[in-house]
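Heads up, the thing below is written out as structure tokens.
The values are calculated or read from the model by the stated rules, or taken from the named source; none is laboratory data. Since the structure is predicted, the reported quantities are computational estimates derived from the model, not experimental observations. Note: ideal-geometry Cβ built from the backbone for every residue, glycine included; neighbour counts use all protein chains shown. Note: areas computed on protein heavy atoms with side chains; ligands, DNA, RNA excluded. Shrake-Rupley method; radii C 1.70, N 1.55, O 1.52, S 1.80 Å.
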Amino acid sequence: MKKINYPFKREEIRDLRVGDMVLISGKMYTGRDAVHKRLHEGTKPPIDLNEQIIYHCGPVVLKDKKGKYEVKAAGPTTSIREEPYQWEVMRDYGIVGVIGKGGMGPKTLEGCQKYGCVYFHAIGGAAQVLAEKIKSVDNVYWEDLGSPEAIWELTVEDFPVVVTMDSHGGSLHAKVQESSENIFKENL
Amino acid sequence: MAKKKKATKKKVAKKKVTKKKVAKTTKKKATKKKATKKKATKKKDGLFDSLLELIRQTSTVLPDDIQKVVLEALHREEKNTTAEYAMNIIKANIELAEKKSQPICQDTGTILFYVNHPEGFKQNEFTKVVHKAVKKATALGYLRQNSVDSLTGKNECMNVGPGHPDIHFHEHKKKHIEVKLMLKGGGCENVGAQYKLPDVGLDAGRDLDGVRKVILDAVVKAQGKGCGPGVLGVAIGGDRGAGYVKSKEMLLRKLDDTNSHPDLKKLEENIVETSNKFGIGPMGFGGKTTLLGCKVGVLNRLPASFFVSISYMCWAYRRQGITLGNNNIIKKWLY
């Protein structure tokens with residue numbers, strides 16, 4: 001089990017390899033479909049994303065009686081929908097990590113190599129285990145996109161993920177896809 | 001885990017009993033309020049509370065038949081692999097969601113109600129109470145704000161809007177009302193697929209072997225994107241709409257049931273067995289369990305059409321059901 005702590009450094013991200021189980025501590029920002037669309041259309045992000053991690057997640061967030069936000073459930077959403085945009089966010093804003101589920105395609109993998117970023121796979125559906133790792137909700141941006149689509153600034157501790165795409169061209173998803181397709185063909 | 005679930009349900013039942021006791025004592029003490037209280041207790045319709053409890057239970061507790069296969073899948077994976085790691089987190093998540101009474105998955109999905117009711121049942125009135133319960137469940141965080149206006153992108157209707165929730169009514173010959181609920185997340189819904197036979201690319205003809213080929217193709221295409229290991233609901237035949245509806249209804253079957261049609265039973269077993277050879281594994285990490293089950297149903301078709309509709313359900317297979325007794329109070333849990 002590896003650990004990475006905030007502030008994240010691009011050099012340590014370059015050290016990660018496919019198959020590494022990693023515990024992340026520190027800051028991360030949620031961002032999913034509407035955020036990526038807005039960034040792609042040219043709107044600047046409301047925070048500095050350099051050496052930050054984006055989490056593909058639309059959490060269940062409630063406000064308590066004192067007006068404080070509380071995350072009730074926060075697992076990853078399917079990442080492949082951001083395939084057209086993710087590499088641009090790496091190029092333009094310098095993110096070093098993307099957390100999501102289901103993996104991403106060749107554009108993202110190329111972006112990871114070129115700009116120094118990795119894809120962390122969180123366990124899909126594990127909304128409670130992951131919500132427990134969120135220690136605080138520090139801010140929210142672009143709330144006009146609706147609660148699940150807004151950018152939530154979170155502080156996490158020992159957030160469990162697996163590296164499935166690294167910054168050296170390695171992709172577990174490409175590998176599993178290829179081998180499973182071969183076995184499928186044998187069974188046709 | 002199974003024991004815990006029963007305990008939670010009992011606790012709820014107990015709560016209701018306690019409430020009644022309190023009412024009794026108050027009645028004795030305050031004679032003035034007696035008449036009104038009595039009236040209120042007598043006429044109190046439990047439908048709203050029952051539906052809210054059904055939603056809470058569905059969103060936060062995985063039914064026994066599903067927990068059982070998830071645990072079996074965990075034990076099948078090799079030690080110290082990412083597949084085992086994923087299954088262990090899934091197990092911990094199921095336990096934690098139940099303990100905290102919070103959503104198993106943050107995507108609380110399309111809200112699908114299946115209502116079997118006797119003759120003379122008032123569907124519109126029932127629908128109104130369903131809407132009220134859904135809004136309350138959203139305010140309480142059992143459901144996420146999950147219903148987006150497709151034109152404006154706004155997501156603030158508390159899950160009640162065109163097409164949401166999706167309620168399917170069916171009249172049956174029994175005297176009681178039965179309400180089933182399924183919460184189906186978007187990730188798994190997105191990897192559903194519909195094929196029409198013949199399919200030249202897959203060399204799939206208009207027979208059960210052709211059906212088998214296209215189902216397996218859907219499994220390979222889904223990879224880990226639908227939060228595997230998953231369960232397939234499949235409908236052979238129907239038009240495009242009816243096929244997808246039927247494929248989801250197949251997911252109401254218990255995981256350990258047996259298809260009464262011998263050929264379909266064989267097909268279901270074959271799909272699970274073959275898919276688990278693919279090595280896609282939990283979350284698509286590679287591993288031994290790709291599918292936890294497959295349920296196939298049949299509809300008639302037109303001579304010109306041969307559809308195979310496939311709905312993929314993630315491991316966070318949230319479905320529950322109740323039968324309603326007097327005053328629409330929950331009488332029995334169905335899963």
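List of remarks:
- The residues B:His75, B:His170, B:His117, sorted by heavy-atom accessible surface at 1.4 Å with ligands and nucleic acids left out, run B:His75, B:His170, B:His117 from largest to smallest.
- Segment A:1-75: trypsin sites (Lys or Arg not before Pro) in DSSP loop, at most 10 other beta carbons within 10 Å: A:Lys65, A:Lys66, A:Lys68
- Distance distribution P(r), segment A:92-132, all Cα-Cα pairs, bin width 10 angstrom from 0: 27, 46, 23, 4 percent.
- Which listed pairs, of A:Lys63/A:Lys101; A:Lys185/B:Lys68; B:Lys277/B:Lys332; A:Lys63/B:Lys154; B:Lys122/B:Lys154; A:Lys37/A:Lys66, have C-alpha distances above 29 Å, in listed order: A:Lys185/B:Lys68; B:Lys277/B:Lys332; B:Lys122/B:Lys154; A:Lys37/A:Lys66
- One decimal place: the segment B:Glu119-B:Lys174 gains 18.9 nm when fully extended, by the rule 0.36 nm per residue minus the C-alpha distance.
- B:Lys254 accessible area, 1.4 Å probe, all protein chains in place, Å² to nearest 10: 90
- When the inverse distances between all different Cα atoms of segment B:69-168 are averaged and flipped, the Kirkwood radius reads 16.3 angstrom.
- Other protein chain Cβ atoms within 10 Å, averaged over every residue that makes up A:58-65: 4
- Exposed GluC sites (Glu not before Pro) absent: longest stretch of chain B, with sites in DSSP loops and at most 10 other Cβ within 10 Å deemed exposed: B:120-335
- Loop-resident trypsin sites (Lys or Arg not before Pro) (DSSP state other than H, G, I, E or B) in segment B:83-191 with no more than 16 further Cβ atoms inside 10 Å of their Cβ: B:Lys122, B:Lys154, B:Lys173, B:Lys174, B:Lys175.
- Accessible surface computed residue by residue for segment A:126-188, with neighbouring protein chains in place and a 1.4 Å probe, gives 39 Å² per residue.
- Cα-based Rg / Dmax (Å) for chain A: 16.3, 60
- Positive-end extreme of charge dipole, the protein assembly as shown - chosen from A:Val163, A:Gln86, B:Ala92 (charges on Cβ): B:Ala92
- Rounded to 5, percent antiparallel among DSSP beta bridges of chain A: 60
- Summed over both chains, the area buried between A and B is near 3600 Å², taken from the accessible surface of protein heavy atoms with a 1.4 Å probe.
- If R0 is 30 Å, the Cβ-Cβ spacing of B:Asp149 and B:Thr127 corresponds to a FRET efficiency of close to 0.90.
- Whole-angstrom gap from segment A:129-178 to segment B:278-293, using each part's C-alpha centre: 22
- Test item: A:66-76 mean partner chain Cβ contacts at 10 Å: 4
- Heavy-atom accessible surface of chain A: percent carbon and sulfur, 1.4 Å: 48
- Spin-label pair B:Ala139/A:Glu12, simplified geometry with 7 Å Cα→Cβ offset, distance in nm: 4.5
- Take segment A:3-54 with all the other protein chains still there, run a 1.4 Å probe, and you get 46 Å² of accessible area per residue.
- Cα pair count fraction exceeding 28 Å, expressed as % - the protein assembly as shown: 56
- Solvent-accessible area per residue, Å², over segment B:154-243 with all protein chains present [probe radius 1.4 Å]: 41
- Shielding by partners for peptide A:93-102, expressed as the average number of C-beta atoms from other protein chains within 10 Å of each residue's C-beta, is 2.
- Only helices enter the 222 nm calculation for chain B: every DSSP H run of n ≥ 4 contributes -39,500 (n - 2.57), and dividing by all residues gives -14500 deg cm²/dmol, rounded to 500.
- Within a Gaussian network of chain B (alpha carbon springs, distance under 10 Å), most fluctuating of B:Cys227, B:Cys157, B:Cys294: B:Cys157
- Bridge type composition, the protein assembly as shown - antiparallel percent by DSSP, nearest 5: 65
- Bridge type composition, segment B:45-181 - antiparallel percent by DSSP, nearest 5: 45
- Note: relative contact order over segment A:15-153, using C-alpha pairs below 8 Å and six or more positions apart, is 28 percent.
- Nearest 10 degrees, 0 to 90: helix B:262-275 Cα axis against chain B principal axis: 80
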